[in-house]
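Let me begin by presenting the structure, written as structure tokens, before commenting on it.
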Amino acid sequence: MYLTETHLQVRDMARDFADQVIRPVAEELDREEKFPAGLYDEMAKLGLFGIGVPEALGGPGFDTLTYALVMEELSRGYASVADQCGLLELISTLLVRHGTPAQQALLGDILSMKTKVAYCITEPEAGTDVSGIRTTAVADGEGWILNGGKIWIHNAPVADLAFVLARTDKEAGNRGMSIFIVDLHSAGVTRGPKEHKMGQRASQVGGLDFKDVRLGAGALLGQPGRGFHMMMSVLDKGRVGIAALAVGIAQAGLEAAVDYAGQRRQFGKSISEFQGVQWLLADMARDIEAARLLVQSAAVKIDRGEDATKACSMAKCFAGDMAVQRTADAVQVFGGSGYIRGFEVERLYRDAKITQIYEGTQQIQRMIIARELLKKGARS
Ligand SMILES: Cc1cc2nc3c(=O)[nH]c(=O)nc-3n(C[C@H](O)[C@H](O)[C@H](O)COP(=O)(O)OP(=O)(O)OC[C@H]3O[C@@H](n4cnc5c(N)ncnc54)[C@H](O)[C@@H]3O)c2cc1C
């Protein structure tokens, strides 16, 4: 993949930051399930949030390929940190595309992490099938009244502002949903307990409940009734981000496995001399590179304004499955040590699993790929 001087500079800056600042604390963040506020402050100063936000709105204005490069490097340090970057990219993309000037003015505090945000679609009865959401916003005078609840929302335990998908017209199906910007310190908002997860444990995930929450007219983002389509329209980019995150996890596993294979001795030799171990390493490197190229190719399609839906789903599906399989191989290279808490590969294997579930499950990615193939042909 052709990378410009700027791509390489930004990637190397993110790589150095991941090596020097993120990776050394990843084990502690995972163990303590800690929200790394100080680390995010440093990232904000380096401009690592809101990568695609235009300069006129206070961002660096980089392309999607740069975003993918940054996500891989941050995730190589620790996936929870990359996940925060991905969340801010989604929210800022929504604001850039659909926000009023007053709403876009929120970007400054969001990108500096003074205001922490959450992106709220999922409900108990609406996971993959977003059309099942029951949260409602009913027009009231000039504003709205919000009722309902969301689950498994990234940042919910710490967020100040939520971007909430709610039903505004019960009869209009997917055209009856709208997005609202909700101050989570308002009366009527309660937070559920923080969830304890298998992996990406520094990401704070929980529920939000809304009971007669009063919203002003300025809380509506974009056109009423267009919320579903607006949320879906940022998913291509979101999938590239999660695919890059999956590549970063697997890359960290490969690096750890190569180092360990060179150090560990059995039968009087380094285990790296055994072909069985070499093949594990070779397959890891091969599949990581294949996933990386799928991710970068999908990102370039977005940047060129081409139809990128199939490419983004293929990248997310392949990279997520690859990350689970190849971090399992990293555990295998470590033998029993790979199964013990405190060894990086044990965490990486746990961190990889969610990449098959969030941002659209792997089953849904396959449905999208098949739908695009059957609609547009096998050469599309
Ligand atoms: C750690 C974490 C962080 C999250 N962060 C957020 C967040 O910030 N904001 C947010 O809104 N949500 C978030 N989610 C929710 C996440 O997006 C959902 O879990 C995901 O969309 C799947 O929904 P579900 O869990 O209800 O599974 P379900 O939709 O119940 O699916 C269960 C199984 O059925 C399969 N399935 C469903 N429908 C079909 C079909 N038509 N064909 C074939 N198979 C199908 C699925 O692939 C899956 O294997 C998060 C979840 C987790 C665990």
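Things worth noting here:
- Pairs are defined by a Cβ separation below 6 Å, a sequence spacing of at least 6 or placement on different chains, a first member in segment 28-53 that is without any contact (Cβ under 8 Å) to a residue 60 or more places away in the chain, and a second member that is surrounded by 15 or more Cβ atoms within 10 Å (Cβ to Cβ) and among the aromatic types (Phe, Trp, Tyr); the pairs so defined are ILE51/PHE62; ILE51/TYR67.
Residues checked against (1) among the basic types (Lys, Arg); (2) within 26 Å of SER92 (Cβ to Cβ):
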| residue | (1), (2) |
| --- | --- |
| LEU245 | no, yes |
| ASP259 | no, no |
| GLN263 | no, no |
| GLN278 | no, no |
| LYS316 | yes, yes |
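- Some residue of segment 2-16 being over 26 Å from GLU346 (Cα atoms), in a helix (DSSP H, G or I), touching a Pro at 6+ places or on another chain (Cβ under 9 Å) and aliphatic (A, V, I, L, M): yes
- In a residue-by-residue description of segment 263-270, the property of being surrounded by fewer than 23 Cβ atoms within 10 Å (Cβ to Cβ), hydroxyl-bearing (Ser, Thr, Tyr) and in a strand (DSSP E or B) applies to at least one position.
- Count of residues meeting criterion [open to solvent by less than 60 Å² (accessible area, probe 1.4 Å), without any contact (Cβ under 8 Å) to a residue 40 or more places away in the chain and part of a strand (DSSP E or B)] in segment 183-217: 1
- Out of ILE121, ILE133, ILE91, one residue alone is within 16 Å of the ligand (Cβ to nearest atom) and more than 17 Å from the chain's Cα centre (by Cα). It is ILE133.
- Assessment of segment 338-348 against the conditions (surrounded by fewer than 21 Cβ atoms within 10 Å (Cβ to Cβ) and touching a Leu at 6+ places or on another chain (Cβ under 9 Å)) yields no matching residue.
- The residue that is least open to solvent (accessible area, probe 1.4 Å), counting only those in segment 357-372 that are more than 9 Å from the ligand (Cβ to nearest atom) and under 18 Å from SER131 (Cβ atoms), is ILE368.
- Only residues that are open to solvent by 50 Å² or more (accessible area, probe 1.4 Å) and touching a Lys or Arg at 6+ places or on another chain (Cβ under 9 Å) were counted across segment 3-22, and they come to 2.
- Failed item, numbered, when ALA82 is tested on (1) in contact (Cβ under 8 Å) with a residue 12 or more places away in the chain; (2) assigned to a helix (DSSP H, G or I); (3) more than 15 Å from the ligand (Cβ to nearest atom): (3)
- Residue within segment 171-188 that is more than 23 Å from ALA102 (Cβ to Cβ), modelled with pLDDT of 95 or more, of a type outside the set (Lys, Arg) and touching a Phe, Trp or Tyr at 6+ places or on another chain (Cβ under 6 Å) present: no
- Each residue in segment 319-347 was checked for being in a helix (DSSP H, G or I) and away from the ligand (no atom under 16 Å from the Cβ), and 20 pass.
- For segment 104-135, the set of residues classified as free of Cβ contacts under 8 Å to residues at least 40 places away in the same chain and part of a loop (DSSP other than H, G, I, E, B) consists of ALA105, LYS114, THR122, PRO124, GLU125, GLY127, ASP129, ARG134, listed by residue number.
- Qualifying positions in segment 78-102 - open to solvent by 10 Å² or more (accessible area, probe 1.4 Å) and farther than 25 Å from ALA252 by Cα: THR93, VAL96, ARG97, HIS98, GLY99, THR100, PRO101, ALA102
- Output for segment 136-169, where each listed residue is within 15 Å of the ligand (Cβ to nearest atom), farther than 14 Å from MET231 by Cβ and part of a strand (DSSP E or B): GLY148, GLY149, ILE151, TRP152, HIS154, LEU161
- For SER75, the stated conditions do not hold, so it cannot be described as away from the ligand (no atom under 13 Å from the Cβ), open to solvent by 30 Å² or more (accessible area, probe 1.4 Å) and within 29 Å of ASP19 (Cβ to Cβ).
The values are calculated or read from the model by the stated rules, or taken from the named source; none is laboratory data. Computed from a prediction, not measured in an experiment: that's the story for all the values here. Every residue, glycine as well, gets a Cβ built from its backbone with ideal geometry; the counts of neighbours run over all protein chains shown. The protein model used for the area step is the full one, side chains on, heavy atoms only, and it has no ligands, DNA or RNA in it. Shrake-Rupley method; radii C 1.70, N 1.55, O 1.52, S 1.80 Å.
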